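The values are calculated or read from the model by the stated rules, or taken from the named source; none is laboratory data. This structure is a prediction, so every number in the text was calculated from the model and none was measured. When we count neighbours, we look across all protein chains shown, and the Cβ atoms used for this are built from the backbone with ideal geometry, even at glycine.
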Amino acid sequence: MTDTQWWRQAVGYQIYPQSFFDSNQDGIGDLPGIQAKVAYLQSLGVDFVWISSFYASGHVDSGYDVTNYRDVDPQFGTLADFDALIQALHAAGLKVVLDLALNHTSDQHPWFQAARRAKDDPHHDYYIWQPSDGQTPPNNWESVFGDSAWTANPATGEAYLHSFAVAQPDLNWENPAVQREMQAIIQWWADRGVDGFRLDGVTHLKKNADFADVANPRTDYARDFAGTAPYLAALKPVLTRNHLLVIGEAGGVDMATAKQWLDPEQGIFDLLLEFDHVHFWEANESKLPMTALRENLSKWQLALENHAWNALFIENHDLPRAVSYYGDGTAYPRRSAQALGMWYMLMKGTPFIYQGQELGLPNAHFHHIQDYRDLDSLNYYRRQLAAGTPETAVLGQLATKSRDNARTPMPWTPDQYGGFSTHQPWIGLTPGLATRNVQVEQSDPHSVLTFYQQLIQLKKSVPALQLGRYELIDTHDNQLYVYRRSYNGDNWQVVVNMSSQLATTQEFDLTASELILTNLRVDADSDDQEIQPWEARLYHLRKLEQ
């Protein structure tokens, strides 16, 4: 392992700046607020932070509609604040990864403002256009947020493509000028000391050249992964030259493409955030399909063994809270949060923790549409009501799946507004903050936060939990997830009951093993084959026969 592969031995922490900490008491988190909490990040034990988009923005899609890639949005501070933040993080031994939205800009970006005025403007070809009569969309393509992916531009007699919001016109990556612009932006931030990038939306970059109707209007027109490769290759020189960690957001990517993109010699990415394991409840909302989950995660673990490296995550700013999605936030909120942490974090790969996950925060439990801020949630509400779905049903769906569930303010103390701010925050807080906050959990040896600190320390100090081979032990039930990590004869075993019922198994032998960590207060020599609801155990096994 080389110094440029530092991320293989690291734990990452994602910060959503709008909701992390408010330093100037205006109800909105900011960059100085992150700097104020550097000591907390150190105490947690993480090695790098991934900071979600804070660029100057049109404020339509939470900062991912960028108006200036080389500036900080005023609500988050200034470039001087960023420079001070990166200096403080580096001084604390923490590296810094930034988001970079590659697929689109804001419709308020100067490029698009010029592009929409005339076809002969040099920036016109920065975006994707089709002839339009102003009434009928050029084809049946739909945006991720619903409705047509096309919006008319009367000034040029065309429509522009937006795979996301109307205010987020897609960039034309066929244009070498667009590639050069992004190369220059990456270099500009690298010169300010950035250590890496999470490249947002990379699987959307290549569009069907024929602009014909497609079978699945929301996805099929942007799934040419082979065609995406040259765009990514154009960025590789600037990324490699600056020794940057490169993380790709790659929803829907297939395994063959993932292995190509992660190839150490020919690929572009060091890590891929793929979403296979977070969509299993679409068909069955009442029961976690453990068989499918074991199969999927093991597929990625085994396919990348000796080839590439996994990114491990169960939360981010676009997903609901893991306790509410995978766990039991009602009967076993603390225990299931701890169990989920052990389950995913000790697999082979680089773990990512999303702010508040280490506290076991559940979903926001919003009850009214006025509580929501997320564009996707608001659009979904409008479409479902128009389709005749009862409002109570729609609000129930949003309470389960809305992106706003993970975007509520980080609770630091039991005080009003969770110590996030003295001003009413831009969005409501998650309930239960009297006990779910950093101050309380730091002083509780049995808290979710303390458990996460223990997991991080083990992950970083035990070679087998970093580098060891992953082996699934299939218990053939719908409750247990059991796997082994092995390295140079050193063997560790993770046993997690991911259900709210007692589990019993004879599929593995726990004799002559040492219980190193558990989320239950039990005898450290326990080899009980009965696994309590949401119980998690980490065993150090005897040396196996070679």
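Brief remarks on what is shown
- Within segment 466-493, tally of residues that are over 22 Å from the mean Cα position of the chain (by Cα) and assigned to a helix (DSSP H, G or I): 1
- Meeting the requirement of 3 or more residues that are touching a Leu at 6+ places or on another chain (Cβ under 7 Å), the strands (runs of 3 or more DSSP E) wholly within segment 81-189 are 95-101.
- Within segment 119-168, the residues that satisfy the criterion of being crowded, with 19+ Cβ neighbours inside 10 Å, among the hydrophobic types (A, V, I, L, M, F, W, C) and either touching a His at 6+ places or on another chain (Cβ under 8 Å) or modelled with pLDDT under 95 (or both) are PHE145, ALA149, TRP150, PHE164.
- The set of residues in segment 343-370 being under 26 Å from ARG484 (Cβ atoms) and touching a Leu at 6+ places or on another chain (Cβ under 7 Å) consists of TYR344, MET345, LEU346, MET347, GLY349, THR350, PRO351, PHE352, GLU358.
- Every pair of residues 6+ apart whose Cβ atoms lie under 8 Å, when the first sits in segment 196-213 and is in contact (Cβ under 8 Å) with a residue 12 or more places away in the chain while the second is part of a loop (DSSP other than H, G, I, E, B) and of a type in the set (Lys, Arg): THR203/ARG223
- Test: GLY396 is in contact with a Leu (Cβ under 7 Å, 6 or more places away or on another chain) and assigned to a helix (DSSP H, G or I): no
- Per-region count, segment 1-25, residues assigned to a loop (DSSP other than H, G, I, E, B) and surrounded by fewer than 15 Cβ atoms within 10 Å (Cβ to Cβ): 4
- When segment 296-319 is filtered for residues that are touching a Phe, Trp or Tyr at 6+ places or on another chain (Cβ under 7 Å), closer than 18 Å to MET255 by Cα and surrounded by 21 or more Cβ atoms within 10 Å (Cβ to Cβ), the ones remaining, listed by number, are ASN310, ALA311, LEU312, PHE313.
- Comparison of SER500, SER421 shows that the only residue that is outside any helix (DSSP H, G or I), among the polar types (S, T, N, Q), at pLDDT 95 or above and surrounded by fewer than 21 Cβ atoms within 10 Å (Cβ to Cβ) is SER500.
- Just one of (1) under 27 Å from ARG407 (Cα atoms); (2) over 22 Å from the mean Cα position of the chain (by Cα); (3) modelled with pLDDT of 95 or more fails for LEU429. It is (2).
- Within the span defined as segment 404-418, one or more residues are within 19 Å of TYR40 (Cβ to Cβ), assigned by TED's automatic domain parsing to the domain that holds PRO333, assigned to a helix (DSSP H, G or I) and not hydrophobic (A, V, I, L, M, F, W, C).
- The one condition in (1) under 30 Å from SER143 (Cβ atoms); (2) touching a helix residue (DSSP H, G or I) at 6+ places or on another chain (Cβ under 9 Å); (3) not in a strand (DSSP E or B) that LEU41 fails to fulfil: (1)
For (1) of a type in the set (Val, Ile, Thr); (2) in contact (Cβ under 8 Å) with a residue 40 or more places away in the chain; (3) surrounded by fewer than 19 Cβ atoms within 10 Å (Cβ to Cβ), each residue gets a yes or a no:
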position	(1), (2), (3)
PRO237	no, yes, yes
ARG241	no, no, yes
LEU244	no, yes, no
GLU249	no, yes, no
GLY252	no, yes, yes
ALA256	no, no, yes
LEU262	no, yes, no
GLY267	no, yes, no
HIS279	no, no, yes
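- Residue pairs meeting the criteria (Cβ under 6 Å; at least 6 apart or on separate chains; first among the hydrophobic types (A, V, I, L, M, F, W, C), in segment 433-446; second in a loop (DSSP other than H, G, I, E, B) and surrounded by 13 or more Cβ atoms within 10 Å (Cβ to Cβ)): LEU433/PRO411; ALA434/PRO414; VAL438/TRP412
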